[in-house]
């Protein structure tokens, strides 16, 4: 399994040799450092824990600081490894060299939070009719109960207004268009969840 952590910078576009345009998301992927290794004998599973980014020491608890071996990482992530995967050693660095241009990867990040939204925006309801006799009901959800549905109560899982966004989203089959090792940046075809500065997980099996 290949994996790397990055931060979303922005979206832009690039051109290939034939002049075709590709919309890409630019990610800043500085090397991650292995902080812990789990093995079958001691932990019952194989995994590797990596640290990414920098954080001020005063904002890190002593327990967390000890877990990271004195390093001041902003993020810690753990990835399970298959039996055939090579287990790295504590202190090793993982950088962009594990990926190549043209690779298909999966990207996981937390989507933008949009606050409390109505059913039209949240669930793509079409709303009420824009006809004579309607008053302020163009974006209302309509009936949520009644004897014809769930015996007069509100059914579990009924689509209603509520908090939208801020979800952990995984997008599959995104292609790596360009890798810039000098600046530790990577360009991925298409859109990536999250706002600028969001932590992005890039991985492939």
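The values are calculated or read from the model by the stated rules, or taken from the named source; none is laboratory data. What you are looking at is a predicted structure, and each value in this text was computed from that prediction instead of being measured. Glycine gets a Cβ as well: all are built from the backbone with ideal geometry, and neighbour counts include every protein chain shown.
Scanning region 109-139 for residues that are surrounded by 14 or more Cβ atoms within 10 Å (Cβ to Cβ) and in contact with a helix residue (DSSP H, G or I) (Cβ under 8 Å, 6 or more places away or on another chain), we see that the one that is nearest to residue 188 (Cα to Cα) is 125. Hey, does region 154-161 have a residue that's under 25 Å from residue 191 (Cβ atoms), assigned to a helix (DSSP H, G or I) and either outside the structural domain of residue 200 (by TED's automatic domain parsing) or modelled with pLDDT under 95 (or both)? No: zero hits.
Annotation for region 175-191: no member residue is farther than 30 Å from residue 15 by Cα and in a loop (DSSP other than H, G, I, E, B). Scan region 29-49 for residues that are free of Cβ contacts under 8 Å to residues at least 60 places away in the same chain and assigned to a strand (DSSP E or B) and jot them down. The answer is 35, 36, 37, 38, 47, 48, 49. Among the residues making up region 50-76, those that are in a strand (DSSP E or B) and buried (at least 17 other Cβ atoms within 10 Å of the Cβ) are 50, 51, 52, 76. Take the conditions assigned to a strand (DSSP E or B), under 22 Å from residue 119 (Cβ atoms) and under 15 Å from the mean Cα position of the chain (by Cα) and apply them to residue 169. Does it pass? Against the criterion (assigned to a strand (DSSP E or B), under 22 Å from residue 119 (Cβ atoms) and under 15 Å from the mean Cα position of the chain (by Cα)), residue 169 qualifies.
The set of residues in region 21-43 being loosely packed, with under 10 Cβ neighbours inside 10 Å and either modelled with pLDDT of 90 or more or not assigned by TED's automatic domain parsing to the domain that holds residue 197 (or both) consists of 21 alone. When residue 106 is tested against (1) on the phi < 0 side of the Ramachandran plot; (2) surrounded by fewer than 16 Cβ atoms within 10 Å (Cβ to Cβ); (3) in contact with a helix residue (DSSP H, G or I) (Cβ under 9 Å, 6 or more places away or on another chain); (4) touching a residue at least 60 places away in the same chain (Cβ under 8 Å), just one condition goes unmet, and that condition is (3).
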